[in-house]
Amino acid sequence: VAPSAGEMAGIAPSPKLLLGFAPISLLLLGFFLIPLILMVLYSLWRMEGFHVVPQWTLENYVRFFTAGMYTRVLLKTFGISLLVTALSLAFGYPFAYFLVRYVSKKWQMLFLVMVIVPFWTSYLLRVYAWMGILGRKGVINQLLMSLRIIDQPLQFLLYNNFSVAVVFLYLYFPFAIITLYTSLEKFDFTQINAAMDLGATPWRAFIEIMLPQTKQGVITASLFIFIPMLGEYITPKLVGGTNGTMIANLIVNLFRGFQFPQGSAVALSIAFVITGILVVFRNYIRIEEMY
């Protein structure tokens, strides 16, 4: 008979079991805890010229939340992240609904594989491909000019916030589809038919029956898209240029300029924001709803 949870709780772990956790513990200590402690210390110290002075201060955090440049970049980062998240959900939910509701099981996997195919190539290669699509001599401009629709290449397609949002939407859209598909696959669609038989409109049936029962997938998809975008560096650097700078690019520039205290304060502030978002969303997600 297998021991109960209470009996297992009273059993002391064996030395061999603890030894098995030693490698991962060393990795966490060396590559996570120690760098995190150093960043916390740096963020609370002052900078004089190119030298870090170990004098305690909150000036770095105050500057981050009061300086106009930091505030603008932070708001823009949140704005682009929210926009891409909303668009991914707006396009991904109907696609996942159509896939689950109207496509047979044997074809569903084919469509999902087609969604996942871009992940088989390098992230960097996909971003560079979009530079070739949106650039002055890219596919879009060449096509429009060959059709005599425009005389000069369109300038707004690359190196701005628009191009950053477009490429982000392409990169993160599959996350929304896969997560929403998993949630909708468990939904009983006979409830929608029953609600409409009782006089509910399709929209009301969706809002009051379908959406509440699939909210776990919606929230999970939002987390998978929104949170990683706050730390994106490569895409804004390549397709955004100086006009598409986001908060991660700002952090890298601070560290490259040897502004370690200010860079640490900005990075930790973003980490605190992400932690707060996870705590808030955790209150709305029940683990048992996933099963």
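The values are calculated or read from the model by the stated rules, or taken from the named source; none is laboratory data. Quantities reported herein were computed from a predicted structural model and do not represent experimental measurements. As a convention, Cβ positions derive from the backbone with ideal geometry for all residues, glycine included, and neighbour counts pool all protein chains shown. Ligands, DNA and RNA are excluded from the accessible area calculation, which covers all protein heavy atoms including side chains. Shrake-Rupley method; radii C 1.70, N 1.55, O 1.52, S 1.80 Å.
Which of the residues spanning the stretch 188-203 are more than 20 Å from residue 100 (Cα to Cα), within 35 Å of the chain's Cα centre (by Cα) and of a type outside the set (Ser, Thr, Tyr)? So that I can check it myself, show each step before the final result.
Restricting attention to the stretch 188-203, the residues satisfying the condition of being more than 20 Å from residue 100 (Cα to Cα) are 197-201.
Keeping just the survivors that are within 35 Å of the chain's Cα centre (by Cα) gives 201.
None - no residue of the stretch 188-203 is more than 20 Å from residue 100 (Cα to Cα), within 35 Å of the chain's Cα centre (by Cα) and of a type outside the set (Ser, Thr, Tyr), so the list stays empty.
Which condition number in (1) in a helix (DSSP H, G or I); (2) open to solvent by 60 Å² or more (accessible area, probe 1.4 Å) is the one that residue 179 fails? Going through (1) in a helix (DSSP H, G or I); (2) open to solvent by 60 Å² or more (accessible area, probe 1.4 Å) one by one, residue 179 breaks only (2). The residue that is farthest from the chain's Cα centre (by Cα), among those in the stretch 259-291 that are modelled with pLDDT under 90 and not in a helix (DSSP H, G or I), is 291. Of all residues in the stretch 224-244, those satisfying the criterion of being touching a Phe, Trp or Tyr at 6+ places or on another chain (Cβ under 7 Å) and either closer than 14 Å to residue 173 by Cβ or open to solvent by less than 10 Å² (accessible area, probe 1.4 Å) (or both) are 224, 225, 229, 235, 239, 240, 244.
Condition check ((1) more than 20 Å from the chain's Cα centre (by Cα); (2) open to solvent by 60 Å² or more (accessible area, probe 1.4 Å); (3) aliphatic (A, V, I, L, M)) across all residues:
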{"site": "104", "(1), (2), (3)": "yes, no, no"}
{"site": "111", "(1), (2), (3)": "yes, yes, no"}
{"site": "125", "(1), (2), (3)": "no, yes, yes"}
{"site": "137", "(1), (2), (3)": "yes, yes, no"}
{"site": "142", "(1), (2), (3)": "yes, yes, no"}
{"site": "154", "(1), (2), (3)": "yes, no, yes"}
{"site": "175", "(1), (2), (3)": "no, yes, no"}
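Return the residues of the stretch 192-210 that are in a helix (DSSP H, G or I) and either open to solvent by less than 60 Å² (accessible area, probe 1.4 Å) or touching a residue at least 60 places away in the same chain (Cβ under 8 Å) (or both); say none if nothing qualifies. Those that are in a helix (DSSP H, G or I) and either open to solvent by less than 60 Å² (accessible area, probe 1.4 Å) or touching a residue at least 60 places away in the same chain (Cβ under 8 Å) (or both): 192, 194, 195, 205, 206, 209, 210.
Scan the stretch 122-172 for residues that are in contact (Cβ under 8 Å) with a residue 24 or more places away in the chain, under 11 Å from residue 240 (Cβ atoms), of a type outside the set (A, V, I, L, M) and not in a loop (DSSP other than H, G, I, E, B) and the total you get is 3. Given (1) under 21 Å from residue 169 (Cβ atoms); (2) open to solvent by 50 Å² or more (accessible area, probe 1.4 Å), where does residue 118 come up short, assuming only one miss? Here residue 118 clears every test but (2). Within the stretch 256-275, residues that are open to solvent by less than 10 Å² (accessible area, probe 1.4 Å) reach partners that are outside any helix (DSSP H, G or I) with beta carbons closer than 6 Å, at six or more positions or on different chains, in the pairs 261/45; 261/47.
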